[in-house]
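The values are calculated or read from the model by the stated rules, or taken from the named source; none is laboratory data. Please read these numbers as outputs of a predicted model, since none were measured by experiment. Here the Cβ positions follow ideal geometry from the backbone for every residue, glycine too, while neighbour counts run over all protein chains shown.
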Amino acid sequence: MKVRKVTLFDVVSGIVLALLALVLLVPFWQMIVVAFSTTEGYVKSTYHLIPTSFSVDVFSQLFSSSEIMKGMLISLINVLCGWLGGLILCAMGAYALTKKNIIGRKFIFNFIIFTMFFNGGIIPLYIWLKKIYITDTIFCLFLPTLISTFYLLLLKNSFISIPAEMEEAALIDGYNEMQILFKIIIPVSKPVIAAVSLFLIVQYWNDYYNAMMFMNKPDLYPLGLILRNVIISKQALLRTPVAAGAVLPSEQYNMALTMIAMLPILVLYPFVQKYFVAGVMIGAVKE
Amino acid sequence: MKRISAVLLAVLLALSTAACSTSDRGGSSTPPKTESKVESKVESQETAKGSEEPKTVKMMADGMDDKAISQWKLLEPELGMEIEFLTAPGDQFAQKVNTMMATGEEADLITCEDSLPWRSWAEDELLIDLDELIDPVDHIYVEKITSSDLFKGYLNDGKRYVIPNAHHGNDWTMVVRKDIMEKIGNPEINTMEEYYDAMVKAKEMGYIGVGFSLDDGLVKLQTAFQFFSYFGGGGMKPDGRSFDINNDVVTDLSVSDGTKQTLLFLNKLYREDLMNKDYATIKDGFLSTYVDAGKVFSLFTPAGNIPMANEKMQTLDPSFEYEIIPAIGADRPEFRPITQGFNMWKVSLIPATAKNPAGGLKLFELANSRTGREILIGGEKGVTMTEEGFSEDGVFTIIPENCEKVWGNATGISPRWWGLMSTVYGYIPVEEYDTYEEAYANEMIFSTSQDVESDNPFSNRNVIEAGRPYGGVNVLSEVALPIESEVRPNLNNIKGEYWNKIITAPSEEEAEKLWEEFVPQWEAGGGTDYVAAYQEYYDENCK
């Protein structure tokens, strides 16, 4: 077996990548250390990478908070609705656009592309959501962003590379278009479906903007917005001269909450990673 | 074909843009403000015709969570209306208010930063002229605060559109380590020289003289107020406004001799290692309370944080104790005048689209009345405070175990008593005085009986007493002109660059040389126009 010679470039790029990995890992590790420290351990040295104490007090405090638990539930519902709804609608749209016999297909396609670059902005969107009575409801979290042009294009490019003979065979077997999409096209497009799923899940789990703009009541805030409020609003509050009147969350609380918010994505990522690169590259090269 | 596609796309774009109009009248080009006003007038007319009084008042404020909303809902029986809250995170609140104003959202009262373009809203008739709503008898607090000399700058063409939210000066105090003071022989600290000497002694024992926590850099030296105050300097407020008015001549304190003396003194501390130098890496605004707590002799900080710092640090060193000391140079525990005010905390306004503007005003009045302040600070009788409620002199008894359950803390700090329509931990007795200024100077600060009995040095009453309102405020202290957005960023950059250089200069001569460079740079960078704009405003509105 021929062993490839290790070049200077390999060594340099290896070192650079290792350093980059370290830059990403150190804050993450510090977050874990701080979150699991005792108060005394944290006060003694607020920045330390080798754990000197262990406590899960902050986590029990977090899990007993109805606000956090409710936020997690809202985020979960948001992810489920946004992911499934987005995936189904984008897949249906993408599949339709692969049909060459649709009248005005090119125009429709161009119009969809147009929305990637131009949109009405936040004020028309706010007015629209208000008029259909979904502000201050959980629907405003995922409905406005349910169809993403980018994901639709990814799916279309993937679907178009599937041999037409498969569809023809299904038609001969008596399948209708919906059956072809859900029983033939989607099952053979696992990589791109997994990649788009990951994008959608991360997007909806981390999203706080829709809630921030369209939710006026805090009882429906998702976890992302709660986390953001705890960390960013605290910083804003600290600049005020009356912050002493407020009961501020501790740094350990922030770290633990950040960990909880990151965990689902970290757990999910290894399972879809193998599809990830393959999925986004599908259809990238025209043969 | 391509041309047809392009034309069709253009038509679709035009149609979708038209569909975004706020009008209900099928693409009418009527501007939203006119429509809002029409709607508002129709609503007012309907109410005037004898329709039932509105049962709900919609209040918009930042950062309201469930606990805060529950606390404010305790006002409902007294108000006779249900309070509905619209909220958004504090740092994004301005964007939300802008969106809501643009979309004609129906809020009856909005509490927001005064930096929002409320003057433009007033000119565009998006705000209700409060002169039409205020009844001097029913709205005595609003009447007095909006007509006070202190807030004259908040008039727009002589009309009242916003209500300043009162703020009781500050609760930042000078604190020193009591245990270190004992070790260095309890020296008297009445002047900056005596403070400097104490810092030198503390340094000899291995401590840092004074700690700064500056996550925004030296230009926003909030934790250095004490020094600016002592030397009569200014310009370190985050928004940078710091005017002095002498014989009707406006000057900016950023370039005053007092500021020069302050910076030179800070430079001396820097050169002699009497101040911490790790401020650039400290991200948490109050982190010095914890990070430096074990090594810093003194600091200037919100007093409310000190008990927490003491408690935490005593787990490591039982002798550790911070205590409040009188402001240096003051006769008693009070702030020295620093010629810039913190007498106001945000503003409240009523949009023209409000369905219940009278309700919004009633809520503001109630929240600032003695009854309202007692409810917001003490909570519910028999739940968070005892059935006796408040005594004549503003003392009430909390029920700690219930406070823990309802408010999340056993110390009796209710959620959002501060920062919403007022930051006064007590009451401004406007009925008893002719002017708002007199009433404000005689504010009653509440206290829990537990704090009174234990003589808690960090009780709200003691802390606020130690941090009494700044003196020397003037009518420009609370005014922000449009020129702010034009030149302020550049002036702040110049100031940031030079102040940092001056404080960290290797010698006094170098520091002085940098000051001499700074002043003309500041003037040429927009400072001259900036002061001229405020002078013009002062001449027209405040003389």
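Looking at B:T423, is it under 30 Å from B:D252 (Cβ atoms), at pLDDT below 95 and within 12 Å of another protein chain (Cβ to nearest Cβ)? Spell out how you get there, then give the answer.
Numbers: under 30 Å from B:D252 (Cβ atoms): yes; at pLDDT below 95: yes; within 12 Å of another protein chain (Cβ to nearest Cβ): yes.
Against the criterion (under 30 Å from B:D252 (Cβ atoms), at pLDDT below 95 and within 12 Å of another protein chain (Cβ to nearest Cβ)), B:T423 qualifies.
Determine whether segment B:70-85 contains at least one residue that is out of contact with any strand residue (DSSP E or B) (no Cβ under 6 Å at 6 or more places or on another chain), in the same structural domain as B:D124 (by TED's automatic domain parsing), outside any strand (DSSP E or B) and under 22 Å from A:K131 (Cβ atoms).
So far as segment B:70-85 goes, no, none of its residues is out of contact with any strand residue (DSSP E or B) (no Cβ under 6 Å at 6 or more places or on another chain), in the same structural domain as B:D124 (by TED's automatic domain parsing), outside any strand (DSSP E or B) and under 22 Å from A:K131 (Cβ atoms).
Being more than 14 Å from every other protein chain (Cβ to nearest Cβ) and either at pLDDT 90 or above or surrounded by fewer than 19 Cβ atoms within 10 Å (Cβ to Cβ) (or both), is that true of even one residue in segment B:276-293?
Yes; the residues of segment B:276-293 include at least one that is more than 14 Å from every other protein chain (Cβ to nearest Cβ) and either at pLDDT 90 or above or surrounded by fewer than 19 Cβ atoms within 10 Å (Cβ to Cβ) (or both).
Please go through segment A:46-63 and pick out each residue that is surrounded by fewer than 12 Cβ atoms within 10 Å (Cβ to Cβ) and either farther than 18 Å from A:T258 by Cβ or modelled with pLDDT under 85 (or both).
If the condition is that a residue be surrounded by fewer than 12 Cβ atoms within 10 Å (Cβ to Cβ) and either farther than 18 Å from A:T258 by Cβ or modelled with pLDDT under 85 (or both), then A:Y47, A:I50, A:F54 are the ones that fit.
Please go through segment A:103-115 and pick out each residue that is among the basic types (K, R) and either more than 10 Å from chain B (Cβ to nearest Cβ) or touching a residue at least 24 places away in the same chain (Cβ under 8 Å) (or both).
Scanning segment A:103-115 gives a single hit, A:R105.
One residue is enough: does segment A:162-174 have a residue meeting the conditions within 14 Å of another protein chain (Cβ to nearest Cβ), without any contact (Cβ under 8 Å) to a residue 40 or more places away in the chain and outside any helix (DSSP H, G or I)?
The first filter runs over segment A:162-174 and keeps only residues within 14 Å of another protein chain (Cβ to nearest Cβ), leaving none.
Taking every residue of segment A:162-174 in turn, none turns out to be within 14 Å of another protein chain (Cβ to nearest Cβ), without any contact (Cβ under 8 Å) to a residue 40 or more places away in the chain and outside any helix (DSSP H, G or I).
What number of residues in segment B:232-256 are within 14 Å of another protein chain (Cβ to nearest Cβ) and modelled with pLDDT of 90 or more? Can you show your working first?
Quick first cut of segment B:232-256, residues within 14 Å of another protein chain (Cβ to nearest Cβ) only: B:236-240.
Then keep just the ones that are modelled with pLDDT of 90 or more; that gives none.
Total satisfying the criteria: 0.
Here is a list of conditions, (1) within 14 Å of chain A (Cβ to nearest Cβ); (2) in contact with a Pro (Cβ under 8 Å, 6 or more places away or on another chain); (3) at pLDDT 90 or above, and B:N170 meets all of them except one; can you say which number that is?
Tallying (1) within 14 Å of chain A (Cβ to nearest Cβ); (2) in contact with a Pro (Cβ under 8 Å, 6 or more places away or on another chain); (3) at pLDDT 90 or above, B:N170 fails exactly one: (3).
Just wondering, is there one or more residues in segment B:258-265 that are crowded, with 21+ Cβ neighbours inside 10 Å, out of contact with any strand residue (DSSP E or B) (no Cβ under 7 Å at 6 or more places or on another chain), at pLDDT below 80 and more than 14 Å from every other protein chain (Cβ to nearest Cβ)?
No, segment B:258-265 contains no residue that is crowded, with 21+ Cβ neighbours inside 10 Å, out of contact with any strand residue (DSSP E or B) (no Cβ under 7 Å at 6 or more places or on another chain), at pLDDT below 80 and more than 14 Å from every other protein chain (Cβ to nearest Cβ).
Listed residues A:G283, A:G279; which is crowded, with 16+ Cβ neighbours inside 10 Å, modelled with pLDDT under 85 and at positive phi?
Exactly one residue qualifies, and that residue is A:G283.
Residue under question is A:F142, and the condition is that it be free of Cβ contacts under 8 Å to residues at least 12 places away in the same chain, outside any loop (DSSP other than H, G, I, E, B) and within 24 Å of the chain's Cα centre (by Cα); does it hold? Write out each step before concluding.
Numbers: free of Cβ contacts under 8 Å to residues at least 12 places away in the same chain: no; outside any loop (DSSP other than H, G, I, E, B): yes; within 24 Å of the chain's Cα centre (by Cα): yes.
Criteria not met by A:F142.
Please go through segment B:500-543 and pick out each residue that is more than 19 Å from B:Y270 (Cβ to Cβ), in contact with a helix residue (DSSP H, G or I) (Cβ under 8 Å, 6 or more places away or on another chain) and not aromatic (F, W, Y).
Result: B:V519, B:Q521, B:E523, B:G525, B:G526, B:G527, B:D529, B:A533, B:N541, B:C542.
State yes or no: is A:P264 at pLDDT below 90, in contact with a helix residue (DSSP H, G or I) (Cβ under 8 Å, 6 or more places away or on another chain) and more than 8 Å from every other protein chain (Cβ to nearest Cβ)?
So A:P264 passes the test.
What residue, among those in segment A:116-128 that are surrounded by 13 or more Cβ atoms within 10 Å (Cβ to Cβ) and assigned to a helix (DSSP H, G or I), is nearest to the other protein chains (Cβ to nearest Cβ)? Let's see the steps before the verdict.
At the first step, the residues of segment A:116-128 found to be surrounded by 13 or more Cβ atoms within 10 Å (Cβ to Cβ) are A:120, A:122-128.
So of that shortlist, the ones also assigned to a helix (DSSP H, G or I) come out as A:122-128.
On the way: A:I122: 6, A:I123: 5, A:P124: 3, A:L125: 9, A:Y126: 5, A:I127: 5, A:W128: 7 Å.
Among those that are surrounded by 13 or more Cβ atoms within 10 Å (Cβ to Cβ) and assigned to a helix (DSSP H, G or I), it is A:P124.
Check off (1) closer than 30 Å to A:Y275 by Cα; (2) at pLDDT 90 or above; (3) away from chain B (no Cβ under 14 Å); (4) touching a helix residue (DSSP H, G or I) at 6+ places or on another chain (Cβ under 8 Å) for A:I134 and give me the number that stays unchecked.
Here A:I134 clears every test but (1).
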